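First up is the structure itself, then whatever we jot down about it.
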Amino acid sequence: MAVTGIGTYASYTNSYGNTQNAGNKTGRTYKNAHEYKNYLTQKYDCLRSRDYSVNINSSLLSEAMGDEKTKQWLEYNLSLIPKTIEQSRAYVAARGAKILSYSITINGYDSMSSVMCTQDEVDPGTEKARKELEERLEKRKEEKRAEEKKTEDKMEKERSSKDLVSDSDNELRIYSFDQKI
């Protein structure tokens, strides 16, 4: 650190900070990528979330420390992640599923990947339709049983209407009724 001035006027300059991050507009200096990641973790909630994970490649962190364009790109995308997660949740929920896990990896400048694991849930509309179908099938089975019973009863009546009488000679006679009009 250099101190310049005479008497009570003194101006302090941090020459290390000015040369280390010449392109850094915030004036913050970071000794290493780990320190920069700690700063990002404090600033962006997405890096502290327990609902999903966000991983940043260490070489990208090192690059962002020295390159303002990369730093702006990284921080802009970190700010978009919570909104992206909420949109994904809404999309998945609309399809009747839920997110089990979500992981975003920032690999390098203009390179990101995400993995989402979902579980399909029964749609209440589908469940209702399934129950209605089961009820209709059961009703059809009952109607079929009733029809079969009617057919059996009808056949039984036909058999009983044709009085089969057996004689002692083992002859069968069929008595029928004639109607005169």
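The values are calculated or read from the model by the stated rules, or taken from the named source; none is laboratory data. Since this is a predicted model, take the numbers as computed values, not measurements. Counting neighbours? That spans all protein chains shown, and the Cβs are built from the backbone with ideal geometry, glycine included.
Per-structure values
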quantity	calculated
Failed item, numbered, when Ser161 is tested on (1) under 49 Å from the mean Cα position of the chain (by Cα); (2) surrounded by 10 or more Cβ atoms within 10 Å (Cβ to Cβ); (3) at pLDDT below 75	(1)
Any hit, region 106-119, residues being loosely packed, with under 10 Cβ neighbours inside 10 Å and at pLDDT below 85	yes
Qualifying residue in region 94-103 (condition: under 30 Å from Lys31 (Cα atoms), of a type outside the set (D, E, K, R) and surrounded by 13 or more Cβ atoms within 10 Å (Cβ to Cβ))	yes
Residue in region 70-93 that is out of contact with any His (no Cβ under 8 Å at 6 or more places or on another chain), of a type outside the set (Asp, Glu) and in contact (Cβ under 8 Å) with a residue 40 or more places away in the chain present	yes
Which listed residue, of Thr41, Thr29, Thr84, is at pLDDT 80 or above, of a type in the set (S, T, N, Q) and in contact with a helix residue (DSSP H, G or I) (Cβ under 7 Å, 6 or more places away or on another chain)	Thr41
Helices (runs of 4 or more DSSP H) (entirely within region 26-94) containing at least 3 residues that are under 14 Å from Ser114 (Cβ atoms) and out of contact with any Phe, Trp or Tyr (no Cβ under 7 Å at 6 or more places or on another chain)	68-94
